[in-house]
Amino acid sequence: MRVVDVRTETQAPAGWSYEVAVRRDGQESAHVVTLSWADHDFWCGGTLAPSRVVQAVVEYLLDHAPITLPARFDAAKARRWAPRIDDEIRTPQG
């Protein structure tokens, strides 16, 4: 079982920065994930809280990307690690 806990939100230039804890297989790792306003708008059209988008990105990476999450990364980098992420987490808009 895995748990993604978005713990803190900080305003950053052109977006937000989050401290995220991931617990799985009895171990915990800490990450700082940034999210731009543009990516937030692209992925959800503003319909979800930015922290929820970060949670969805991290959960998707854990389930679909063959990587170990780095300690710091921008959510947009998820596209390199999991090319289908845009199609699979983007909420319908309109």
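Magnitude of the charge dipole for the chain, about its Cα centre and with charges confined to Cβ atoms of Lys, Arg (+1) and Asp, Glu (-1), is about 140 debye.
Ligands, DNA and RNA excluded, the heavy atoms of Thr68 present near 120 Å² of accessible surface to a 1.4 Å solvent probe.
Take every pair of alpha-carbon atoms less than 8 Å apart whose residues are at least six positions apart; their mean separation over the length of the stretch 1-82 yields a relative contact order of 27 percent. Heavy-atom accessible area for Phe42, with the other protein chains in place and a 1.4 Å probe, reaches approximately 70 Å².
What residue among Leu35, Leu62, Leu48 shows peak mean-square fluctuation when the chain is described by a Gaussian network model with Cα springs under 10 Å? It is Leu48. Surface calculation, 1.4 Å probe, protein heavy atoms: Trp16 sits at approximately 30 Å² accessible. Potential lengthening of the chain between Ala30 and Arg90 amounts to 19.1 nm, from the contour at 0.36 nm per residue minus the alpha-carbon distance.
Relative to the longest principal axis of the Cα atoms of the chain, helix 50-64 runs at roughly 50 degrees. Nearest 5 is fine: what % of DSSP beta bridges in the chain come out antiparallel, could you say? That works out to approximately 85 percent antiparallel.
The values are calculated or read from the model by the stated rules, or taken from the named source; none is laboratory data. Nothing here was measured: the structure is a model prediction, and the numbers come from that model. Every residue, glycine among them, receives a Cβ derived from its backbone with ideal geometry; neighbour counts consider all protein chains shown. Keep in mind that these areas ignore ligands, DNA and RNA; they rest on the heavy atoms of the full protein, side chains included. Shrake-Rupley method; radii C 1.70, N 1.55, O 1.52, S 1.80 Å.
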